Structure formats: C-alpha cells, structure tokens
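The values are calculated or read from the model by the stated rules, or taken from the named source; none is laboratory data. Note that the structure is predicted; figures quoted are calculated from it, not measured. For neighbour counting, all protein chains shown are included, and Cβ atoms are generated from backbone atoms with ideal geometry for every residue, glycine included. Heavy atoms of the whole protein, side chains included, go into the accessibility calculation; ligands, DNA and RNA do not. Shrake-Rupley method; radii C 1.70, N 1.55, O 1.52, S 1.80 Å.
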Amino acid sequence: MAIAFTAQQTKVLEARNHNILVSAAAGSGKTAVLTERILRMISEGDSPLDIDRLLVVTFTKAAAAQMRDRIGRAISQRLVDDPGNVHLQRQEVLIHNAKITTMDSFFTYLLRNNFTQIGIDPGFRQMDQTEADLMRRDALEDFLEEKYAQGDPDFLACAMYFSPGRDDKAFEEILDDLYKKAVSHP
C-alpha cells in the first residue's frame, strides 16, 4: 500500500538539484519521506543516481539503521516488480557501501581519512557523553567565575534573581537547560 504524503512531505520529495534539511517532530514521517526521496533519486528519471553517491546523515544510529533497512527492502521490492532492472540490481549491492550514517560517524570518517591534511594526530578518539558533560560543566563553572570576577551589575542581578541562596546551583541548572535547548534546534 502506497503512503499518502502531505503537501509539505511532497515538497521534500520533489525538491531536486540541491541539498535539503528536513527538520520535523518525532513520528512525523521523516524517515518514510527521506526513504522515498532516496528511492526516487536512485530509481527514477533519465539518469538515476547510484546510492553510494549520496550522503544521508541522521542524528541517531537507530535512525540510520532504520533508513538503510527501509531503503534495502524497498530496492528489493522494486526488483520483484522489475527483475531485469540492472540499475536497481547495482543499487542492491551498493547499499552496503552507502553513506547512511550519523553526524558523529560521518565527521569521524572525514577526520580519519584526512588527518594528514588537517594536521591532527591519527590516534584521536571521540569523547563519550560523560566526558562531554564534564567539559560542559567545567566550562560553565569557568564562565561563572569569570563573570563574578568582572562584577557586571546586570550579571550579578541575574545570578541573584535565579539563584537567591548561598550557591549557584539553581542558576547553573537554568543555564545548562538553556544550553541544551539551544543546541537541540537546527
């Protein structure tokens, strides 16, 4: 059964000759739309693309795996309908090399494959979430210490308003929450 796409989803499906960014709420059909868009790009038109020429970047490993699985199943289904399609047969093989990945994995891939040009140590590693959280907390503490030392009256009034007790815990939590909300938007 074919999916009935909304007007906004159809706009994404029909966009051609430029990159796109799809930002939508969980459960809104992003994966279905992007899967269909990719399928159209690799199977329709006068010169369909090879899937390993596309870069598909998601935020989670689960979303990347789901996307790869859906595309693979859809290619297989289209081959059932058109078993002699050599281009689709090629896509079924190429999907294993396709760049359908997370942002973190893609950036790590870029660094690992270009470390000499970038001038970084090839033994670098990606920090885990615990390290990132500790660094963010340290940066926040350094920021607050610097701002208190400067004695800016506006800052001091803000700090007193949001953390009226003897420590900055409430103020730090508010700033940390604001940071997390800010980075969650594209």
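Data table
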quantity: Filtered residues of the range 20-74 (kept if part of a helix (DSSP H, G or I), open to solvent by 20 Å² or more (accessible area, probe 1.4 Å) and among the aliphatic types (A, V, I, L, M)); calculated: Ala32, Leu34, Met41, Ala62, Ala63, Ala65, Ala74
quantity: Search result, residues across the range 3-25 that are touching a Lys or Arg at 6+ places or on another chain (Cβ under 7 Å) and β-branched (Val, Ile, Thr); calculated: Val12, Val22
quantity: Residue within the range 127-141 that is open to solvent by 60 Å² or more (accessible area, probe 1.4 Å) and over 30 Å from Lys61 (Cα atoms) present; calculated: yes
quantity: Tally, over the range 75-88, of residues that are part of a loop (DSSP other than H, G, I, E, B) and either within 24 Å of Met103 (Cα to Cα) or of a type in the set (S, T, N, Q) (or both); calculated: 1
quantity: Pair list, Cβ < 9 Å and 6+ apart or interchain, from the range 132-150 residues that are free of Cβ contacts under 8 Å to residues at least 24 places away in the same chain and aromatic (Phe, Trp, Tyr) to residues that are open to solvent by 50 Å² or more (accessible area, probe 1.4 Å) and assigned to a helix (DSSP H, G or I); calculated: Tyr148/Leu156
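Yes or no, residue by residue, for (1) under 30 Å from Arg70 (Cβ atoms); (2) part of a helix (DSSP H, G or I):
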| position | (1), (2) |
| --- | --- |
| Thr101 | yes, no |
| Thr108 | yes, yes |
| Asn114 | no, yes |
| Arg125 | no, no |
| Leu140 | no, yes |
| Glu146 | no, yes |
| Phe155 | no, yes |
